[in-house]
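Have a look at the structure below before the remarks.
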Amino acid sequence: MPDNRLSRLEVVLAMGLAIDRVQASNAGLDELLATVHQGVSKLMDARNFYVALCDEARERFRFAYVRDALNPDDFAEQGWISLDTEKNALTAQVIKSAQPLLVDGEWFRERAKSAVLPAYEGVTPNHWMGLPLLRYGGQAVGAMVVQTYDAAGIYSSEDQALFKLLANNVAAFIERLQRLTRLEQAVKERTQSLEAEIEERRRAEALQHALFRISSLSADEGDQTTLCAKLHTIIGDLLPVKNFYVAEHDPDAAFFRMVYYVDETWRGLSRTNELFPYGDGLTSLVLRTGEALLLDQQQTAELIRTGHLKRVLGNQNYVHWLGVPLIMEAQTIGVIVTQSYEASVTYSQQDLELLNFVAQHVSEAFGKVRARLALQLIQDKLVQRNQALGEALANLQDAQGELVRQERLASLGALVAGVAHEINTPLGVCVTATSHLEEELQVALEAQARGPLSEEHLSQFFESATDAVRILKSNTQRAAKLINSFKQVSVDQASGEMRSVNLAEYLNEVLATLRPNLKSKPVSVNISCPPDFNIDTYPGALAQVITNLVMNSVIHGFEGRARGAINIEALRDGETLHLQYSDDGNGTDETGLKKIFDPFYTTKRGTGGSGLGAHIVYNLITGPLGGRVQVSGATDQGLHFDIRMPIKVATPYSG
């Protein structure tokens, strides 16, 4: 042992550095205590040295480090010791009191003489020194003890001070180590909690994803067997379902049908669509009771013994049988079953609840599938009826189209007849004037043959010739104008091409072709249009619109009236042509206004009216002319058509 204070202080400093190195290296408690023991041994007799630590509740303690020359078995395999025990009472007293304790040999001898206190076990030491290991706050976490068996061995006050200093260092290290241990335990527990939470969330997400996929089954095409195969895959992501089947049952039937069946004992064969008698077996039990079942062999035998089950159908070598009902509208319509033949694959009550919960959503999906299949059957019948109706409608539309074409051709034919009749008058005058001129010329030639013509005779001839030429000129010009107007309008109606026209001139041309039809009664037509108003449109369609409107006014509007007036006003509104057509004819009631554009609607049924005139007007305005039309009026107040169309048609019409 060092024989002077300086040397002992050097040892203490060296021990402090050694303890710091142990702490810095994150070494364990055993290495620290071994290091302390080595240091104490250099300062005093420490051949008998031990450290005791108590638990967190300070109800027990154990020997964490023991070195004893004479009593090695006294500490061996003692484990946790109560602080209230009489054995090792000195150590327990130091821990409970949190105070140092120094006992000499005389104390042990007096104890041995006492009849009340138990004798000290083992070899009695000559001097025993115990110091508490104090944590922050003064509470003892254990005790550090050194004892000597030498008769002359005594621990001096200086030994006690040095031992206390070392005890404080050990206590600080132990407290740090315990805090670290508690922190690691808390982290471990929190990690386990988080892992459990993550696993629970993973299961919840997997369940949510499975439910979403199940709900999507109702929208998939295919029969129930195909859907059940997909269902098998979905449930397989939640549970081990190597052996899986879905059965369907009609409550009024004596059998249930396997909608889908997969079982490893059948070695790839399938019992899908096979019928089984209803009444026996586990599947029938679930169908009958509407309750989920989780059974092993022993539980199944108990059901048979108590009469709840007659027998087991199919393979009976299962480890676990799990079946849940499919319930729709309070009726059990089927069952989902999975079973295991391996001891390593078992099902729990949690699995039963999970599959039963999934089955509720499967029932909804199956209900939608049933409804979809029933709806599909109805739709197939409707498709057939719609096809028949479509063919009838197509035939009707073809007939309507043909009637519209005939109406337009009839309109064009009427135009031709009217123009021909109109041209007959100037042409007849021309023929008469030509005949008269020819006769006058023949008289003049005959007179010349008899001799020279007198001045009076020549004057009469020239006067007659001049009148004839004037008549011929005016009537041929009139006929040419009529023919030109007819030619342009008829070409436009026949070709349907888009071109630029002067609106005022074109309206007058169209009306010129209609004059023969207007002669039957005194009808005045007034056109108000700017002279420089040019538009890019389908003039043939526009001519047809004006023609049909005028003829409707003549045929329907002015029937029974002595005279009539038609006003056509064209205005420019930005890039839009605002065309207003009105007459002061008979008009129509509210019902007629609503139906005026309907095909085949006419008030002249049986007297030559086709009911297509206004319908053609509407189709032409909303079709090739790219516009819209509204009609207003009342009985005996005439009709007013408000037409708006683009001044320049944007794209060629393909309809």
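Counting only lysines at least 8 places from Lys242 when in the same chain, those with an alpha carbon closer than 28 Å to its own are Lys230, Lys310, Lys368. Modelled this way, with points 7 Å down the Cα-to-C-beta line, the labels at Thr432 and Arg179 are 13.6 nm from one another.
For Lys519, a cut-off of 30 angstrom between C-alpha atoms picks up these lysines, skipping any fewer than 8 places away in its own chain: Lys473, Lys481, Lys487, Lys595, Lys604. In loop segments of segment 526-587 as defined by DSSP, the trypsin sites (Lys or Arg not before Pro) with at most 10 further C-beta atoms inside 10 Å of their C-beta are Arg563. With one equal scatterer per alpha carbon and no solvent term, the Debye-computed log10 I(q)/I(0) for segment 211-254 at 0.17 1/Å reads -0.56.
The modelled label-to-label distance between Ser344 and Glu456, using points 7 Å beyond Cα along the C-beta direction, is 14.8 nm. Kirkwood radius for segment 224-347, taken over all pairs of different Cα atoms as the inverse mean of 1/r, rounds to 14.7 Å. At 7 Å along the Cα-to-beta-carbon direction for both Leu6 and Asp532, put a label point, then send me their distance in nm to one decimal. Going by the 7 Å Cα→Cβ label model, 12.9 nm. Only lysines eight or more places from Lys164 in sequence, or on another chain, were considered; those with a Cα closer than 20 Å are Lys42, Lys96. Taking the square roots of 5 times each eigenvalue of the Cα gyration tensor of segment 95-199, largest first, gives ellipsoid semi-axes of 40, 18, 11 Å. A convex hull fitted around the alpha carbon atoms of segment 27-109 yields 124 Å³ per residue. Need the C-alpha centroid separation for segment 252-311 versus segment 5-75, integer Å. Result: 71 Å between the Cα centres. In summary, segment 129-178 shows an alpha-carbon radius of gyration equal to 1.26 times the 2.2 N^0.38 Å reference for compact globular proteins.
Relative to the globular-protein estimate of 2.2 N^0.38 Å, the Cα radius of gyration of segment 5-185 stands at 1.01. The ranking of Cys54, Cys430 by Cβ neighbour count inside 10 Å, starting from the fewest, reads Cys430, Cys54. Here the gap between Ala371 and Leu303, fully extended at 0.36 nm per residue and compared with their Cα-Cα distance, gives a gain of 20.8 nm. Distance distribution note for segment 496-646: the fraction of Cα pairs above 19 angstrom is 51%. In summary, segment 544-590 shows an alpha-carbon radius of gyration equal to 1.33 times the 2.2 N^0.38 Å reference for compact globular proteins.
Taking the fewest neighbouring Cβ atoms within 10 Å as the starting point, the ordered list for His615, His232, His308 is His308, His232, His615.
Every number here is computed from the coordinates shown, using simple stated rules; none is lab data. Because the structure is predicted, anything quoted here is derived from the model rather than measured. When we count neighbours, we look across all protein chains shown, and the Cβ atoms used for this are built from the backbone with ideal geometry, even at glycine.
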